[in-house]
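**Student:** Pasting a structure here, questions to come.
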Amino acid sequence: MPIEQEAASMIVKHVSPISIFWKAVRLARKKLPPYPNERGRKGYPLPARIGILIYLALYHLTPEQGYREMKALEIYRKLGLKQMPSVKSIYRWRRDLSPIVHKLIRETFYIAYRHLGLRELTVIPDGSGIKKGRGTQYYEWRLETFRKRRGKRRRRRSKRRKPRKKFVRLVMSYVPEMDMIYTMTATPSFIGELKAFENGHLEDIISAGIFSRLIADKLYDSENLIKRLKEAEIEACVPAREGKLKPEPGSLRDEANKRYEELRKSKHLRSLVESAYSSLKSRALPYVTSRSWKSCETEAVLWGLIFNLARLCELGIE
């Protein structure tokens with residue numbers, strides 16, 4: 001498979017992409033129902049849909065490219081399908097299946113959690129921006145390279161207004177003791193990181209009952225957030241913002257700031273989440289090619305699932 005050699009350098013943890021692909025298919029067959037709805041027309045099984053989306057993400061293919069390649073290699077037959085789904089169906093799955101991908105991310109985490117038998121886990125939330133565009137990474141590199149070689153151009157009479165760049169805000173909750181992602185969300189860039197965390201991560205972290213500490217940056221210095229974490233018996237280590245927002249002595253924010261300063265002296269775990277982000281963005285997420293926000297979320301969160309699947313392959317967990 002020629003494209004597999006090209007994709008091998010993009011995969012985290014130095015695990016072959018085809019191993020991650022089949023591990024995702026086996027996990028989906030084990031943890032997901034065959035069809036999303038009990039009633040109605042029975043179309044393509046849900047594990048096969050997830051497998052096709054994982055394949056597109058692993059090899060950085062558009063639905064049109066993935067359709068041609070999977071049809072030529074007859075990968076759809078190995079997934080138990082009689083025919084290759086249409087391009088329109090693949091676009092629809094990428095728009096609608098983000099809740100299923102979120103569920104599989106947590107399933108991979110709990111599989112490793114039960115296998116390793118760890119207790120007193122730490123969660124590190126952090127956010128980052130991913131460029132949203134239709135160009136590939138190679139195309140962007142060519143534009144930058146040849147722009148430097150051309151030198152100065154003749155000035156045009158009317159300057160064209162450059163289109164405004166769009167970004168997807170990615171928020172990740174990372175567990176350093178296991179080197180795995182607990183959950184991940186992707187939202188439009190106008191939604192704040194703290195709001196995205198409270199809406200998409202906080203309830204899951206509290207209800208899990210396995211986390212004893214949260215480490216975050218100044219953006220998470222919120223009285224309401226620290227209070228909710230304390231009620232759930234989760235120790236917050238958050239640096240305080242300075243200036244007018246400086247916390248009063250003895251307040252919850254002041255206690256969270258002191259714990260963070262003590263943690264910095266012994267071991268600074270916050271750098272680990274930056275390493276996880278670096279692995280995702282350099283090898284997997286230089287850009288997001290989907291146009292709708294729902295498809296952007298599925299495309300971005302698929303790489304959180306791939307990150308955890310690669311970790312399961314490294315640990316030898318079936």
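We did not get these values from a lab; they are worked out from the coordinates using the rules stated. In this text the structure is predicted, and so the values were computed from the model without any measurement. For neighbour counting, all protein chains shown are included, and Cβ atoms are generated from backbone atoms with ideal geometry for every residue, glycine included.
**Student:** Between residue 114 and residue 68, what is the FRET efficiency for a Förster distance of 41 Å, r being their Cβ-Cβ separation, to the nearest 0.05? Please report the intermediate quantities before stating the final value.
**Tutor:** Values: r = 40 Å, r/R0 = 0.98.
That gives a FRET efficiency of 0.55.
**Student:** Measure up 23/103; 103/227; 31/71; 195/265 against 21 Å on the Cα-Cα distance and list the ones that go over.
**Tutor:** Values: 23/103 15 Å; 103/227 27 Å; 31/71 26 Å; 195/265 30 Å.
103/227; 31/71; 195/265, as the Cα separations exceed 21 Å there.
**Student:** Further question: Relative to a virtual label point 7 Å from the Cα of residue 262 in the Cα→beta-carbon direction, which members of segment 196-213 show backbone nitrogen distances below 14 Å?
**Tutor:** The answer is 213.
**Student:** Rank the residues 298, 289 as a footprinting-exposure proxy: fewest other Cβ atoms within 10 Å of their Cβ go first.
**Tutor:** Values: 298 24, 289 15.
Least to most surrounded, the residues fall as 289, 298.
**Student:** Which ordering of 22, 303 is given by a fewest-first count of other beta-carbon atoms within 10 Å?
**Tutor:** Working: 22 16, 303 26.
Going from least to most buried by this count: 22, 303.
**Student:** To the nearest 0.05, how large is the calculated FRET efficiency for residue 26 and residue 254 if R₀ is 45 Å and r is the Cβ-Cβ distance? Can you show the working numbers first?
**Tutor:** On the way: r = 49 Å, r/R0 = 1.09.
Efficiency computed from Cβ-Cβ geometry: 0.35.
**Student:** Given 0.36 nm per residue, what is the gain on full extension from residue 246 to residue 206 after removing their alpha carbon distance, in nm?
**Tutor:** Values: separation 40, 0.36 × 40 = 14.40 nm, distance 2.67 nm.
Extending this stretch completely gives an extra 11.7 nm.
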